[in-house]
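Peer 1: Have a look at this one before I ask anything.
Read the figures in this text as sums done on the coordinates, not as results from a lab. All figures in this text were calculated on a predicted structure; none of them were measured in a lab. FYI the Cβ positions are ideal-geometry reconstructions off the backbone, even for glycines, and counts take in every protein chain you see.
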Amino acid sequence: MTTDNQLHVAIVMDGNGRWAVARGLPRVAGHRQGAQVVHDIVAAAPGLGVTALTIFAFSTENWKRPADEVSYILHLFVAMVTKWLPELVSQHVRVRVIGDRGALPPDVRASVETIESRTASCDGLHLNVALNYGGRAEILHAAQAFAADCAAGKASPSDLTEDRFDSYLWLRGEPAPDIVIRTAGELRVSNFLLWEMAYAELFFLDVLWPDFSAATLESVLQEFRSRHRRFGGS
Ligand code: FPP
């Protein structure tokens, strides 16, 4: 459940390729600029009242892209976050990766574990990075883990509540997102946080991710505060 002093923003960072192509640059230049925007948004988010930020960096469907682009995105993420680590620690940012890490290249997986352990005791912004993530895969994984606990006698089907199911998700422990933003104009959720976004306020922006800024986030937050959230009530 979301409480008054917590604000969880989730973002589908779309439009990197279009940003690069419009400038006559290779698509990966868009991802590089997109990573810089992540850096700036992480720095700005706590000052805007954001307590958790969940970003979609690589989906289970992104493996369909050319192998060199896939490798570039995965290594860009770990290289940039590893470079930012001292700054992230000084900003008290706790980084967690959600997704199926079994299929990640071993060097990426090892860097992810280092990043998580170096920031594990940070008590500021929660930065959750979805890497090899799919919403359906997350739900299936949780269902399998619960079924395994039932088979082992550690749980019983009648114990299953929404809160209990939450505890099996990759994003466990985080309040549900209040806001889900998708950049670059597409009106889709693309398998992102399917369970968690049940009551999120959705924002579809025409801005490409590399052009997103703290000012863009601030204007979303301003509109969010003017929306009336009913959570199914009247
Ligand atoms: C979508 O744009 C973007 C991605 C699939 C990758 C997002 C990755 C980053 C921003 C870098 C991650 C790094 C850190 C530090 C978190 P697209 O390529 O689908 O754009 P298009 O729709 O215009 O082609």
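Peer 1: Tell me whether the stretch 126-210 comes out rounded, prolate or oblate; compute the Cα gyration tensor, take square roots of the eigenvalues as a ≥ b ≥ c, and use a/c under 1.5 as the rounded threshold.
Peer 2: Prolate is the answer for the stretch 126-210, as a/c is 1.5 or above and a/b outweighs b/c.
Peer 1: What's the ranking of 15-21, 36-42 by average number of surrounding C-beta atoms within 10 Å, highest first?
Peer 2: 15-21, 36-42
Peer 1: Also, I was wondering about something else. Out of the stretch 1-109, which GluC sites (Glu not before Pro) are coil in DSSP terms and have no more than 14 other C-beta atoms within 10 Å?
Peer 2: Glu61
Peer 1: Kindly put Lys64, Lys83 in sequence by how many other C-beta atoms sit within 10 Å of each C-beta, fewest to most.
Peer 2: Least to most surrounded, the residues fall as Lys64, Lys83.
Peer 1: Turning to a different aspect of this structure: Taking a ≥ b ≥ c as the square roots of the Cα gyration tensor eigenvalues, with a/c under 1.5 meaning rounded and otherwise prolate when a/b beats b/c, else oblate, which class fits the stretch 80-234?
Peer 2: Here the stretch 80-234 falls in the oblate category.
Peer 1: Run through the stretch 125-170 and list the trypsin sites (Lys or Arg not before Pro) located in a DSSP loop whose Cβ has at most 15 other Cβ atoms within 10 Å.
Peer 2: Sparse-neighbourhood loop trypsin sites (Lys or Arg not before Pro): Lys154.
Peer 1: Continuing with this model, one more query. Given axes a ≥ b ≥ c from the Cα gyration tensor, I'd like to know whether the stretch 1-98 is rounded (a/c under 1.5), prolate (a/b larger than b/c) or oblate.
Peer 2: prolate
Peer 1: So, one more: Using helices alone, I'd like the mean residue ellipticity at 222 nm for the chain: each DSSP H run of four-plus residues gives -39500 (n - 2.57), total over residue count, nearest 500.
Peer 2: Computed mean residue ellipticity for the chain: -13500 deg cm²/dmol.
Peer 1: Using the Cα centre of the chain as the reference point, and only Cβ charges (+1 on K/R, -1 on D/E), how large is the resulting charge dipole? Debye, rounded to the nearest 20.
Peer 2: For this selection, approximately 380 debye.
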